[in-house]
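Readers should treat all values here as calculations from the given coordinates under stated rules, not as data from a laboratory. It should be emphasised that the depicted structure is a prediction, and the values quoted were computed from it without experimental measurement. When we count neighbours, we look across all protein chains shown, and the Cβ atoms used for this are built from the backbone with ideal geometry, even at glycine.
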């Protein structure tokens with residue numbers, strides 16, 4: 001597809017000369033332009049467009065004249081005061097268009113004259129006009145992909161600011177600002193800086209909401225963003241998805257390339273180690289989950305059991321971090337799943353502490369037998385209709401923990417059951433409605449005065465964090481996601497200075 005180039009310029013009374021002097025008239029630019037048009041034959045050879053001639057000469061030297069030239073000029077209605085309307089540049093722009101067509105061989109349709117009924121010295125009016133103009137322009141076939149060159153020398157300062165800011169808003173890096181200095185046309189990095197500021201502000205908002213997918217899309221289209229930032233973002237997304245192997249690979253590559261700011265290096269190394277620890281814990285869990293009968297041994301040796309507890313602790317802390325993010329993002333439907341997954345794993349952790357057996361599928365029969373053999377529980381559960389011929393499930397775990405709490409078998413850790421697991425169980429009906437019959441979710445389901453009273457005055461996320469602390473698991477106030485968010489923000493800020 002051929003992309004057309006468009007050269008855009010505001011017109012002011014200083015942009016046209018007659019006999020090498022600026023065109024002036026006592027009555028103002030409108031009158032000066034009208035006089036020139038009224039005596040075109042007598043004036044046209046004496047007229048000059050010094051800035052345009054430099055700009056067009058530059059384009060011609062590159063063997064690439066713009067496909068179109070757009071001239072913008074003020075043309076206020078007769079309802080405005082006469083002294084303000086006298087300063088309009090529309091008639092000078094008409095004369096400039098004629099001159100460009102005659103001298104540079106452009107077709108009439110290729111030189112467009114755009115009049116606006118706003119004051120060229122008013123910032124707000126110029127911003128509003130150009131915003132409306134480019135909003136419509138981008139919808140016209142052939143112009144959404146066009147490349148726009150913007151003269152920052154001609155026209156008023158206010159009009160030029162409105163033009164460049166609005167053009168960048170709608171066309172981004174398909175814009176280039178140029179100016180004439182010392183008789184030479186020069187390019188400015190104004191567009192790049194404006195785009196960097198815009199991208200940086202959007203990226204901060206996405207980072208604040210942990211929207212790594214949206215952030216990756218933004219950075220891929222951001223010319224000024226360093227490529228290694230994409231690897232950091234992908235590492236965050238992978239860690240958020242519990243794909244710790246991929247996350248550690250992405251982050252390790254960034255560290256090995258020494259692409260990060262020196263001050264971020266130590267923090268990145270610590271985050272990488274935490275992710276690798278989670279990866280090892282995950283692999284350990286999966287290996288026990290799928291143990292073959294011939295490879296199992298019950299009870300486990302202390303070192304094995306300690307390793308499993310350590311793995312649970314790392315993964316529960318990471319799960320809590322993700323759950324807390326869902327809460328911050330007000331993504332309450334996702335939060336349901338995270339909360340009840342957390343509850344299930346905390347329950348299994350406590351059952352494993354009591355039975356000294358991994359509460360993982362390969363060991364479910366052993367766990368069931370150990371629970372049934374616990375003094376009094378077999379009879380208690382049978383009286384409540386539990387069928388011990390079936391595989392253990394969350395309902396059985398829940399009943400077992402409540403039984404131990406009632407019998408005083410728990411000490412300090414009983415608070416995890418009484419102050420967290422039991423109150424959360426009241427939300428199961430709402431959760432099941434959401435999962436099984438397409439029910440909704442809302443913060444109102446969680447911010448319940450009676451529920452918070454059972455949580456000791458805490459909200460559900462704070463209660464979950466307190467439960468981890470009771471289990472001697474550090475929920476970490478600053479998560480690896482927060483740490484990596486700081487790294488990403490720092491790298492993007494550094495690139496946009």
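Most simply put, segment 5-188 has about 30% antiparallel DSSP beta bridges, counting only bridges with both residues inside it. Here, segment 5-188 has an Rg and a Dmax of 15.8, 46 Å when only alpha carbons are counted. Considering only beta bridges that DSSP places wholly inside the chain, some 30 percent are antiparallel. A protection proxy built from the mean count of other Cβ atoms within 10 Å ranks the segments 247-258, 186-197, most packed first, as 247-258, 186-197. Contact order for segment 243-388, expressed relative to its length and based on alpha carbon pairs under 8 Å spaced 6+ residues apart, stands at 22 percent. Take the Cα of residue 303, step 7 Å toward its Cβ, do the same at residue 27, and the gap between the two points is 10.2 nm.
Within the chain, the ratio Rg/Rh, alpha carbon atoms throughout and Rh by Kirkwood, equals 1.23.
Mean residue ellipticity at 222 nm, helices only, the chain: -18000 deg cm²/dmol; runs of at least 4 DSSP H residues each add -39,500 (n - 2.57), and the sum is divided by the number of residues. Using the Cβ-Cβ distance between residue 412 and residue 223 with R0 set to 45 Å, the FRET efficiency works out to roughly 0.20.
Ranked highest first by the average count of other Cβ atoms within 10 Å around their residues, in what order do 424-437, 124-137, 82-95 fall? Write out the running numbers ahead of the final one.
Values: 424-437: 14.4, 124-137: 17.7, 82-95: 19.9.
The packing order, highest mean first, is 82-95, 124-137, 424-437.
At an R0 of 51 angstrom, the distance between the Cβ atoms of residue 493 and residue 356 translates into a FRET efficiency of 0.50. Computed from Cα atoms, the angle from the helix 123-137 axis to the main principal axis of the chain rounds to 80 degrees.
The modelled label-to-label distance for the pair residue 292/residue 84, using points 7 Å beyond Cα in the direction of Cβ, is 8.9 nm.
The angle separating the long axis of helix 50-61 from the principal Cα axis of greatest extent in the chain is about 70 degrees.
Considering only beta bridges that DSSP places wholly inside segment 148-214, some 50 percent are antiparallel. In this structure, residue 60 and residue 186 have a Cβ-Cβ separation that, at R0 = 22 Å, corresponds to a calculated FRET efficiency of about 0.85. Sequence-distant contacts, meaning Cα pairs under 8 Å at least 6 residues apart, place the relative contact order of segment 5-188 at 27 percent.
Against the chain, whose longest principal axis comes from its Cα atoms, helix 460-470 is set at around 50 degrees.
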